[in-house]
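Heads up, the thing below is written out as structure tokens.
Each reported figure results from applying straightforward, stated rules to the coordinates on display, with no laboratory input. Because the structure is predicted, anything quoted here is derived from the model rather than measured. Positions of Cβ are generated from backbone atoms using ideal geometry, with glycine treated the same way; all protein chains shown enter the neighbour counts.
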Amino acid sequence: MTITLDNLRDVLMISFFVIFIICGLICTLIFVVVYRRLANVKSQLEKANEKVEDFRESLSAINKTISIVKSIFSTSNKEKKSKKKK
């Protein structure tokens, strides 16, 4: 069998098509894996953000309670001091 330029060109074209198809599949798989990992990270960040917001709301409620308790006891202490001075 003799190798002619037409046969060589056909073999090279087929081999390049196969190489490009394989590269395309590899790039697609890499893209899918990276996209899934980024989506997973985004989901984890959203969950963490929700937990931080819940924690801030809890701290706000605790601070309001503390300020109410302080206001109750500070007025009673001021009244006691004013009564002692009279």
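7 Å from Cα along Cα→Cβ at both I62 and V32: what's the point-to-point distance in nm?
4.6 nm
What distance in nm lies between label points placed 7 Å from Cα along the C-beta direction at L45 and I19?
Output for this residue pair reads 3.9 nm.
Can you pull the Kirkwood radius for the range 10-65, inverse mean 1/r over Cα pairs, to one decimal in Å?
One over the average 1/r among Cα pairs gives 15.2 Å for the range 10-65.
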